[in-house]
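**Q** I'd like to ask you about the structure that follows.
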Amino acid sequence: MNFYERVYELVRRIPAGKCASYGQLALMLGNPRASRAVGYAMRACRTPGVPCHRVVRADGSTTPAFGPGVQRAMLEAEGVPFTADGRVELGGCRWDGA
DNA sequence: AAGCTGACGATGC
DNA sequence: CGCATCGCCAGCT
């Protein structure tokens, strides 16, 4: 079903300054339990235009495998609020899905 | 065709 | 509150 392709389009719709969690994307795809599959698709993120750095974990923590702080830097550069914990403040940047 | 792996999520301890 | 385990789906070997 080209799951990853669908994920790409969804992530591509994420506006700058906002973030979405894997579970959130999976939910939009119709598979709320496919968070792993979503992450798998992101892992193959070879497609430019897909801001995979805007996709964070459900708790707002940045992806550990992305970089030692690279993702955080990109999000902060886009105006994404970060907590002192080093996590994305989803309460202020959580993407509605519009 | 079957099994293993993986950028996750939630629950249990 | 922090760490560990189980369950989920899709893709790859």
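Read the figures in this text as sums done on the coordinates, not as results from a lab. Since the structure is predicted, the reported quantities are computational estimates derived from the model, not experimental observations. When we count neighbours, we look across all protein chains shown, and the Cβ atoms used for this are built from the backbone with ideal geometry, even at glycine.
**Q** Tell me, what is the FRET efficiency for A:ARG12 and A:THR83 to the nearest 0.05, using R0 = 22 angstrom and their Cβ-Cβ distance as r? Each step should come with its number before you reach the end.
**A** Numbers: r = 26 Å, r/R0 = 1.19.
According to the calculation, E is roughly 0.25.
**Q** Got a sec? Charge dipole of chain A, +1 on Cβ for Lys and Arg, -1 for Asp and Glu; which of A:ALA65, A:ALA44, A:LEU75 is way out at the positive end?
**A** Checked the options; the winner is A:ALA44.
**Q** Tell me, what is the FRET efficiency for A:ALA73 and A:ARG33 to the nearest 0.05, using R0 = 22 angstrom and their Cβ-Cβ distance as r?
**A** Efficiency, from the Cβ-Cβ distance: 0.10.
**Q** Continuing with this model, one more query. Could you calculate the FRET efficiency of A:ARG94 with A:THR47 from 1/(1 + (r/R0)^6), where r is the beta carbon distance between them and R0 is 25 Å, rounded to 0.05?
**A** 0.60
**Q** Quick one: what are the phi-derived ³J(HN,Hα) couplings along segment A:75-86, Karplus 6.51/-1.76/1.60 with θ = phi - 60°, whole Hz, x for glycine and proline?
**A** 5, 5, 5, 8, x, 6, x, 10, 8, 5, 6, x
**Q** To check my understanding: the extent here is largest minus smallest coordinate of the Cα atoms along each principal axis. What are those three numbers for chain A, in Å, largest first?
**A** That works out to 39, 24, 20 Å along the principal axes.
**Q** Something else: Amide H of A:VAL56: which non-local residues (sequence gap of 5 or more, or other chain) have their own amide H closer than 5 Å, using H built in the peptide plane?
**A** Amide H neighbours of A:VAL56: A:ALA20, A:SER21, A:TYR22.
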